[in-house]
Amino acid sequence: MTHPTLPIDPRLCQGAALWLVSRELRPSDARESWMRGVVATLQVGLHFDVVQLPSGVVENGICGIKNQATIADHFRTAGLTSSVIVSRTQTRYFLLVPPNTYQDWTEPGTQCIGREHPTSYVGVPAPTRREPPGAYWLMPAPEDDSMLCDPVNVRLLVGKDRRRQEQARRG
């Protein structure tokens with residue numbers, strides 16, 4: 001099935017968009033997907049690996065209202081200020097981390113996908129998409145390697161939430 005050629009939004013050829021597709025074999029495919037309003041399928045392991053966090057792992061660590069702003073604040077308090085995608089169904093968070101993080105990732109209840117994973121691709125929304133419907137960037141898309149999530153901070157976030165759950169069970 002072919003799609004009509006859409007004019008490319010200049011924002012999809014600079015900054016985060018440029019960095020995200022710069023190692024893809026067909027960067028124009030990603031840009032066209034973004035222009036049609038759908039996620040682009042990008043290969044994991046080139047620029048980044050992806051840690052998948054179920055929403056419960058993240059949101060159980062939040063007291064009170066669990067809206068987009070409080071969830072973003074929760075990530076910020078863990079030192080995670082960019083590179084976080086919310087899934088289309090809002091049941092998972094995808095954190096872009098440095099390549100090869102998957103090699104020593106062992107956090108229970110989470111998964112890290114790297115280049116050797118059977119599914120070494122991830123759906124990535126346009127870097128300009130910051131709200132639902134559909135997948136969107138909770139925290140800004142990365143413009144370079146320095147903006148990827150630090151795996152140490154991701155582990156701290158997961159551990160903090162696990163401790164809060166344990167305390168709640170003890171009452």
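The values are calculated or read from the model by the stated rules, or taken from the named source; none is laboratory data. Fair warning: this is a prediction, and the values are worked out from it, not measured in the lab. Positions of Cβ are backbone-derived with ideal geometry, glycine not excepted, and every protein chain shown enters the neighbour counts. When the accessible area is computed, the model is the full protein with side chains, heavy atoms only, and any ligands, DNA or RNA have been set aside. Shrake-Rupley method; radii C 1.70, N 1.55, O 1.52, S 1.80 Å.
Taking the C-alpha atoms only, the angle from helix 151-170 to the longest principal axis of the chain is near 40 degrees.
Shown for the chain: the carbon plus sulfur share of the solvent-accessible area, taken with all protein chains present and a 1.4 angstrom probe, equals 51%. Simple spin-label estimate for V38 and V152 gives 4.1 nm between the two label positions (7 Å along the Cα-to-Cβ direction from each Cα).
Sorted on the mean count of surrounding Cβ atoms within 10 Å across their residues, most packed first, peptides 118-124, 128-134, 43-49 read 43-49, 118-124, 128-134.
If a/c stays under 1.5 just call it rounded; otherwise compare a/b with b/c (prolate if a/b is bigger, oblate if not). Do that for the stretch 1-138, with a ≥ b ≥ c from the square roots of the Cα gyration tensor eigenvalues. The shape class here is oblate. Please give the residues of the stretch 42-76, grouped as numeric ranges, whose backbone N is less than 14 Å from a label point set 7 Å along the Cα-to-Cβ vector of Q103. So the set is 45-46, 49.
Could you compute the FRET efficiency for A69 and Q111, with r as their C-beta to C-beta distance and R0 at 30 Å, rounded to 0.05? With R0 = 30 Å, the Cβ-Cβ based efficiency is 0.65.
Under a Gaussian network description of the chain, with springs only between Cα atoms under 10 Å, the residue in I113, I65, I85 that fluctuates furthest is I65. Put a dot 7 Å past the Cα of L46, heading toward its Cβ, do the same for Y121, and the two dots end up 1.2 nm apart.
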